[in-house]
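Everything below concerns the one structure shown next.
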Amino acid sequence: VLERDGDILACVVFEILGHTHDDLLVAEIQALYVSPLHRRIGLGDSLLDFVEQDLRRKGVRRVIILAGEGSFDWFVDRGFSLQTPGTQEVIIPNDKKSSVLNFANIYSKPILELDASLDVPAGKRIGF
């Protein structure tokens, strides 16, 4: 949660879903919200970077979003790609498939390991 003087400017919620059949740890961004008064100043990018750093440190190697309605172009512009029905089966942990695969679209992004020199606590690169 990003807040200033008691007002919430932006927030993000994620959950680690588990391991896929190829043993990749997967997380889902369940919500990413920026107040309309504070959009277009980089808060969403900062939160996404913060979450990606945190997930990386926790060993997560793929992050997904489930698309019903919303601004998915924003996520595509930040490296997420739409998964076809065939690939959806592969990228979702087995015990989560029944709840996840009911959504119209799933977008995913790999969380790449970084060189140790770039490994800083989540948010430090962006000033949190």
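Some points to look at:
- Extension gain (nm, one decimal) between residue 74 and residue 87, 0.36 nm per residue minus Cα-Cα: 2.5 nm
- Unit charges at the beta carbon, dipole of region 1-86: most positive-side option, 82, 60, 31: 60
- Estimated FRET transfer efficiency when R0 is 30 angstrom, pair residue 3-residue 114 (beta carbons, to 0.05): 0.60
- Put simply, the C-alpha atoms of region 7-85 give a gyration tensor, and the ellipsoid matching it has half-axes of 23, 15, 10 Å, longest first.
- The slack between residue 57 and residue 37, meaning 0.36 nm per residue of separation minus the straight C-alpha distance, is 4.0 nm.
- Spherically averaged projected area of region 26-67 from its Cα convex hull (nm²): 3.2 nm²
- Ranked order, 21, 38 - accessible area, probe 1.4 Å, largest first: 21, 38
The values are calculated or read from the model by the stated rules, or taken from the named source; none is laboratory data. A quick note: this is a predicted structure, and the numbers were derived from the prediction, not measured. Cβ: placed from backbone, ideal geometry, glycine included. Neighbour counts: every protein chain shown. Protein only, heavy atoms only, side chains kept; ligands, DNA and RNA dropped before computing areas. Shrake-Rupley method; radii C 1.70, N 1.55, O 1.52, S 1.80 Å.
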